[in-house]
Every structure is written in structure tokens, then in C-alpha cells.
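Undergrad: Take this structure first; my questions come after.
The values are calculated or read from the model by the stated rules, or taken from the named source; none is laboratory data. This is a predicted model, so every value here is computed, not measured. Cβ: placed from backbone, ideal geometry, glycine included. Neighbour counts: every protein chain shown. Only protein heavy atoms, including side chains, enter the accessible area calculation; ligands, DNA and RNA are left aside. Shrake-Rupley method; radii C 1.70, N 1.55, O 1.52, S 1.80 Å.
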Amino acid sequence: MPPALQALAAATALLGLCWLAFFNGLGALGLMDKTEALFVEVGHQMLLSGDWVTPYWNGVTFFDYPVWGYWMVALSFKLFGVTAWAARLPVALAASTVVVATFGLLWRLAPAGLQPVERLGRGLLGAAVLATTPAWIGWARSSTTDMFLSSAITLALYGFALVELAPSRPGRQAWEAPLGRAAMALFAGIAVLAKGPVGLLLPGMV
């Protein structure tokens, strides 16, 4: 199979896997418990009030968590309407982003000398393991802050891996280290916005 067709087949398999794991029947069930309903309603009230800075729940300020998850829910509601599907869409996208990034990182960091199909296979295997992990699927289908935190920390660490491992690889590209540093900063910041200082503490400990 030509390399272009191999890449197309890998991309199709990856997107199909994400659809099955995270998007299929995403809005079939209503909000499942008080925690998911609470987070979604804060985002809903943010949309209704037009105040995208101060979160409210039942008309009372709600500062128990940082604002990233509320922003994502409110933005999704604004774009797609107020539904359970729209409430969960941001977490499903976050989970899918990490699956795609897992594929990309494993593909880029594959040992030198592997055939293109072997590089694609390594990336697909790693992405498939993550996408079929029960906890990853569960949190990707529940509109709470957990997936935002987990995905942001993972992507920040992927950026670190790209910076640290890229120089030792033959054929490394000039853009890899700057991209890794930017990813570290961006996603560590999103992790803090999602759930507070733990977003910096956990990557630092790792």
C-alpha cells in the first residue's frame, strides 16, 4: 500500500475509534448525577447571564472550581444549543485530542529504521489502548472537570517528552522543541484553569 494510503487508513481508523468510544450515543442519556448536572448548569447560567467571568449556580456565586469547564459548556451551548450532547461535546473532544496526540507522539518518537507501516502501527496501538481504557471512556462521556484536567496534564507531559526526547532522535525537526515548550505552557495553564494548582503540581511531580 502506498504511504499516502497507509496514512489515510490510519487516520480513518483513529477517527472511527474516537467516534465509537466517545461520540456514539453521547447525548442518548440525560445528565447522570448531581455532579454532572451542577457543572452543566453553571455553564448554562453563564450563557444566560452573559457573564463569562463570574460563575453562578441558582443565582449564587459558585467559586468551588475554576472556570475552564464552565467556559467549554457555555460555548458549546452557544454553538449547538442546550442539550446533553452539547454539554458533553467538549469533554469528548478533549479525550479525542489526547488519543490523536498519543498517536502522533508515538509515531514521531518511533525508533529509527522502522518501516512507515510499522511507525503507523505503533501509533495506532498506543492510541487504541488509551481510547479503549474504561476510565478514559467514562470520563469522556461525563461533563465534569476530570477529563479537562487529565487531558491537559497529559498533553503538557507530551510536550515535555517532545522537548526532552527529540534531540536524541535522528532526523528530528526544528519545530519539535518549540512546539513541545509551547504545549507544556499552554496545557499546564489549561489544567490550572480546569481544576486549580494541581494542574501545575502533578506535571511537576512527574
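Undergrad: How tilted is helix 176-195 with respect to the longest principal axis of the chain? Cα atoms for both, answer in degrees (0 to 90, nearest 10).
TA: That works out to roughly 20 degrees.
Undergrad: What residues from the stretch 129-162 fall in the zone where the backbone N is under 14 Å from a label point 7 Å along the Cα-to-C-beta line of residue 28?
TA: Within reach of a label on residue 28: 141.
Undergrad: Fully extended, how many nm does the chain gain between residue 38 and residue 117 (0.36 nm per residue separation, minus their Cα-Cα distance)? Write down the numbers at each step before the final one.
TA: Details: separation 79, 0.36 × 79 = 28.44 nm, distance 4.59 nm.
Length difference between fully extended and current span is 23.8 nm.
Undergrad: Next question. How much accessible area per residue does the stretch 76-206 have, in Å², with a 1.4 Å probe?
TA: About 49 Å² of surface per residue is accessible.
Undergrad: Within 10 Å, at most 11 other Cβ atoms, and a DSSP state outside H, G, I, E, B define an exposed site. Report the longest part of the chain free of exposed chymotrypsin sites (Phe, Trp or Tyr not before Pro).
TA: 64-174
Undergrad: So, with a 1.4 angstrom probe, what is the percent of accessible area on the chain that is carbon and sulfur? Please report the intermediate quantities before stating the final value.
TA: Details: 7620 of 10670 Å².
C and S fraction of accessible area: 71 percent.
Undergrad: Given the chain, what whole percent of its Cα pairs are spread farther than 25 Å?
TA: 44
Undergrad: Any chance you could check the Cα centroid distance between the stretch 133-206 and the stretch 85-118 for me, in angstrom?
TA: Cα centres, the stretch 133-206 to the stretch 85-118: 12 Å.
Undergrad: I would also like to ask the following. Near the amide H of residue 62, under 5 Å away, which other amide H atoms are found, from residues 5 or more places off or on another chain, if H is placed in the peptide plane?
TA: Amide H to amide H, under 5 Å and 5 or more residues apart or across chains, residue 62 pairs with 56, 57.
Undergrad: Expressed as a rounded percentage, what relative contact order does the stretch 32-85 have, with Cα pairs under 8 Å and six or more residues apart?
TA: After rounding, I find 36 percent.
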